[in-house]
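Data block below; observations after.
The values are calculated or read from the model by the stated rules, or taken from the named source; none is laboratory data. From a predicted model like this one, the values you see are computed outputs, not experimental measurements. Heavy atoms of the whole protein, side chains included, go into the accessibility calculation; ligands, DNA and RNA do not. Shrake-Rupley method; radii C 1.70, N 1.55, O 1.52, S 1.80 Å.
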Amino acid sequence: MVALWEKFVMGAPVLFVHGVLSFLVFMMGMQFLLFAMLFDMQANKSERGVV
């Protein structure tokens with residue numbers, strides 16, 4: 001997001017490091033979200049008694 005903000009709003013050239021860090025943070029967030037969904041599904045199965 002920072003890289004996109006720099007590119008389109010501020011008009012500054014985007015450094016490679018900023019692009020990679022933005023992508024890395026985004027991918028970590030998506031991974032945490034998917035793990036949370038997985039753990040929630042497992043918790044719901046155990047609450048209903050389904051193993």
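Some points to look at:
- Length gained when the stretch GLN31-LYS7 is fully extended (0.36 nm per residue, less Cα-Cα span): 6.1 nm
- Theoretical ellipticity at 222 nm over the chain - DSSP helices of four or more residues, -39500 (n - 2.57) apiece, nearest 500: -23500 deg cm²/dmol
- Accessible-area composition of the chain, carbon plus sulfur, in percent [1.4 Å probe]: 77
- Compared with the dominant Cα axis of the chain, that is its longest principal axis, helix 16-48 is turned about 10°.
- Hull shadow area, averaged, the chain [alpha-carbon convex hull, nm²]: 4.3
- Å² of accessible area per residue within the chain, as computed with a 1.4 Å probe and no ligands counted: 93
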